[in-house]
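Data first, discussion second: the structure below is written as structure tokens.
Read-outs throughout are calculated quantities, based only on the coordinates presented, and are distinct from any laboratory measurement. Remember, predicted model here, so these are calculated numbers, not experimental data. Please note: Cβ atoms are built from the backbone with ideal geometry, for glycine as well, and neighbour counts cover all protein chains shown.
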Amino acid sequence: MSAGDVRVRGLAETLLSVARTGDMDALAPLVTRMVGANGPQRHLFEPVLLELVAMIVRILRRRSEYADNEGDLYAVELLDADDRDVGIDQLQPALRATLRAVLATLNADADDARFHVSLVSSDPDPLARLDAVAHALRWANTLDDARG
């Protein structure tokens, strides 16, 4: 693992640790440095989001009884608050791309995962990038907390 990889993984783990404490005053500057158009760590947005996606996938695989079945394909069922189906294309673009990156990673398609994360990264709206990171942190936290 390169020094850059260690830095990215460390930042992703720090973001998740701080998010778990609920300390938004500490989390906000960490995220802002990455998602802001002129943020000093803007160059880390894509690799950090990819690492958060990888964390989500590791948690899902650890929790799944099917984790070692080669050739399995993963899909997602999205439901609204009333348990009605929601099509993935109804999600906001950055959230949709992040979810598709998780699915691509689960399905061992690293190129597709990178493509979807690059869509988020290239979104001109910093709030879209913020939304993607916030959801990835929430998913990782919720899934990890739900372990049995």
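Remarks
- Exclusive hit being over 16 Å from the mean Cα position of the chain (by Cα) and more than 15 Å from Ala136 (Cα to Cα), set Ser122, Ser64: Ser64
- Summed over region 17-31, the residues that are surrounded by fewer than 18 Cβ atoms within 10 Å (Cβ to Cβ) and touching a residue at least 24 places away in the same chain (Cβ under 8 Å) give a count of 1.
- Restricting region 36-55 to residues that are of a type in the set (D, E, K, R) and under 11 Å from the mean Cα position of the chain (by Cα), the residue that is farthest from Val120 (Cα to Cα): Glu51
- Contact annotation: residue pairs with Cβ atoms under 9 Å, 6 or more positions apart or on different chains, pairing a residue in region 78-100 that is closer than 13 Å to Val53 by Cα with a partner that is among the aromatic types (Phe, Trp, Tyr) and assigned to a helix (DSSP H, G or I), are Ala97/Phe115; Thr98/Trp139; Leu99/Trp139; Arg100/Phe115.
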